[in-house]
Amino acid sequence: MDLLEYQAKDLFQKVGIPVLPSQRIDHPKDLKGLKIPYPIVLKSQVYAGGRGKAGGVRFVENTIDAVAAAQAIFYLPILGQYPEVLLAEAKYAPDRELYLAVVLDPSLRRPLLLGSREGGMELEATSRQIQQVLVDGEFSPFYARRLALKMGLTGELIESVSAIAEKMYHLFLTYDLDLVEINPLAVNPAGEVMALDGKVTVNDAALGRHPDLVAMQSGDRDSPSPAPAPAGMAHPAPLDKAPGLPNLTPMLFPGNLGILCNGAGLTMATLDLVDQAGGQPAACLNLGGESSYRLPPDTLCDRLEKGLDWILQTQRLRGVLLNLLGGSATCDAVAAAIAHYLKQQRQPLSLPLVVRLGGAHAEAARRRLAALDLPRLVVMESLDEAIAKAIALSQA
Amino acid sequence: MDLSAHSKVLVQGIAGALGQLYTGRMQAYGTSIVAGVSSGQGGQTLDGVPIFDMVEQALQSVGPIDATVILVEPYRTLDAALEAIAAGIRHLVLVTEGVPPLDMVRLLYAAERTDTLVVGPDSPGIILPGQILLGTYPAELYSPGRIGLISRSGTLTHEIALHLTQAGLGQSIAVGIGGDRIVGSSFQQWLQILDEDDQTEAIVLVGEIGGNSEEEAARYIVEAIDKPVIAYIAGRTAPKNQFMGHAGAIIASLVAGWGSEIGTPDSKFAAFQTADIPVASRPSDIPHLLQQALRV
């Protein structure tokens, strides 16, 4: 979960990372009650990067200009996102702009401190010069000082910049972050540092133990809604909230085949195989694997029935492929669930449904479904053949 | 790794949702489950297995334990694993999905200092077909034989095992290293184990998009592995930035411009190509590629 800039800065303030005086603006008229002296900067609060270049950050000198600028920013989409709020912040004249971040290195399985002395908008051009320090074991401030030296900092900046990195590391641990980033960290002629922007990504798996961060997010009037995808876009629309499908992440595509699988790896492999065989998915749903408390394995059949309900309502759907793999007990339960689901429907199947249950041990389950003797229900053992059949039927 | 049909096994979280489901299945396969742990349930039994409140009590009662299968909730996994390590258990299988990455960092630091093997989290575990099952494997899809199978997945591992079993290619060891972003044992560790294992003649590596473990594995195979390796990679057509169900299987760059090439299918295919490792285009091609490699 990403935090917006003003939320990230709230966290910064809690641990003593210096931020500018600022005020949250929910509506342009809020600027009339502004408590920060002009000149100020107005910043669009969206999750997307590149706000400055897109025109979502504007400097203003007085209330009239501020209201006009705020109106413009509220109506300016940045990578498809409209801001729900703006941040009004005191203007700051930095002498230099640095870059600092803390992330996890998944292959070394250790936190990494990142830093560059060329931060701000220059960062992308110089990203190859980002310095790294691996935190190997218990953290101690010398790791942050090592980063400051690698960044080429000297004198008092070593202490002041490493102190910020140390506080960022503290946030990283306390809140289970995937990323905490300050870009730019401004340095003024007096050598004082200031976090001018902040990016915080909270690890989704850890959200359940940080109710304060979840509350911060739901405190927003609404989470920003993505703009409609341009026509012909090949990427699926993410459906975060699918009614009736708790904890599942359905995907929509522009094709005509519905796909239901159990497990992430099998879902990805099935999508790849459908693509190779010339099929085009309309919708895809991973019903969950075997190791999750969010999606308990013993409730797979319940999710299967809900998943069928959902996928059969997909637009442009011409056929459905069900690829489920498991032991005998799972296959028997799945076959019973499919039979139950089909019997409950008021109308007979309007589309071809290809059920693939793999393995010799699934013979009884396959026979049970075949015995239903439904004209549009096809039961198969081989994955390649099931995919070919589903594609052929959905294109017929 | 030192596991066999005689290994004595503990189940942590035995009275929980996953423990109740999988303990009996492991026993039915012949795995010697000597004790279970579920805090507050001490003194009871499940499937004939005595339950204790703490790991150390289990050891006092049943003697040394070779491996533990940890089936507790995600936020209790770190504690359960540290408890097992403190009690001297050196093989840990973490089945549960969704352990916070920073918990894994702490756990793996403790594991490295004690030379403990940690498999997972979000893992189907380890199976030595015909001998022992630690985790969630559906036994029917696996058969004893000479192929080592390592994977980041659960059900996809079973899919590949089914193709191998149907082609008469049984498995020596199958392991799922886990679908979460931070996992314990790596592909390299298991490649080394399988390379040294007398029962294993060839290796199938099942990777997926996200992270760089396939790239590192490809480099390691060139340096250190003598047995034939066949690779398969899932997620070639998975949309960018889409959550597919494994926290680790997502192509995304958190830091602008830094590591933006990490995790793409192209990068993984290229790594195996450079290492001269055949990549199967579909699971059903794997048996054929293995037979070819074994004939050479």
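The values are calculated or read from the model by the stated rules, or taken from the named source; none is laboratory data. This one's a predicted model, so the numbers in the text were calculated from it and none came from an experiment. Ideal geometry is used to build each Cβ from the backbone, glycine not excepted, and the neighbour counts take in all protein chains shown. These area figures cover heavy atoms from the full protein model, side chains too; ligands, DNA and RNA do not enter into them. Shrake-Rupley method; radii C 1.70, N 1.55, O 1.52, S 1.80 Å.
Numbers at a glance
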{"item": "Label-to-label distance, nm, for residues given as B:SER281 and A:ALA329 (7 Å Cα→Cβ offset)", "result": "4.0"}
{"item": "Förster-model FRET efficiency, 41 Å R0, A:LEU134 and A:HIS27, C-beta, rounded to 0.05", "result": "0.35"}
{"item": "Accessible area (Å², 1.4 Å probe, nearest 10) - A:ASP26", "result": "50"}
{"item": "Rounded accessible area of A:LYS306 (nearest 10 Å², 1.4 Å probe)", "result": "80"}
{"item": "With all protein chains modelled, accessible area of B:SER38 [1.4 Å, Å²]", "result": "10"}
{"item": "Beta bridge orientation in segment A:238-395: antiparallel %, DSSP, nearest 5", "result": "15"}
{"item": "Exceeding the 25 Å Cα-Cα cut-off - candidates A:LYS29/A:LYS167; A:LYS167/B:LYS240; A:LYS9/A:LYS29; A:LYS9/A:LYS91; A:LYS32/A:LYS199; A:LYS199/B:LYS268", "result": "A:LYS29/A:LYS167; A:LYS167/B:LYS240; A:LYS32/A:LYS199; A:LYS199/B:LYS268"}
{"item": "Cα→Cβ-extended label distance, 7 Å offset, between B:GLU216 and B:VAL62, nm", "result": "3.3"}
{"item": "Förster-model FRET efficiency, 51 Å R0, A:ALA336 and A:ASP95, C-beta, rounded to 0.05", "result": "0.10"}
{"item": "Max mean-square fluctuation residue, GNM over chain A, Cα-Cα springs under 10 Å, options A:VAL85, A:VAL57, A:VAL334", "result": "A:VAL334"}
{"item": "Chymotrypsin sites (Phe, Trp or Tyr not before Pro) restricted to DSSP loop in segment A:20-95 with at most 10 other C-beta within 10 Å", "result": "A:TYR75"}
{"item": "Dipole magnitude of chain A, debye to nearest 20 (Cβ charges: Lys/Arg +1, Asp/Glu -1, about Cα centre)", "result": "740"}
{"item": "Average Cα contact separation per residue, chain A, under 8 Å, 6 or more apart, as relative contact order %", "result": "12"}
{"item": "Two-site label geometry, A:ALA215 and A:MET121: point separation in nm, points 7 Å out along Cα→Cβ", "result": "3.9"}
{"item": "Computed lengthening from A:GLN71 to A:LEU374, 0.36 nm per intervening residue step minus Cα-Cα distance", "result": "103.1 nm"}
{"item": "Computed over segment A:96-220: relative contact order in percent, which uses C-alpha pairs under 8 Å that are six or more apart", "result": "26"}
{"item": "Computed over segment A:19-90: relative contact order in percent, which uses C-alpha pairs under 8 Å that are six or more apart", "result": "47"}
{"item": "Segment A:GLN345-A:SER382, length gained on full extension (0.36 nm per residue, minus Cα span)", "result": "10.6 nm"}
{"item": "Segment B:GLU223-B:TYR109, extension gain: residue separation times 0.36 nm, minus the distance between their alpha carbons", "result": "38.4 nm"}
{"item": "Calculated FRET efficiency for the pair B:GLN192/A:GLU363, C-beta based, R₀ 41 Å, to 0.05", "result": "0.60"}
{"item": "Environment charge at A:LEU113 (Cβ cut-off 10 Å; Lys +1, Arg +1, Asp -1, Glu -1)", "result": "+1"}
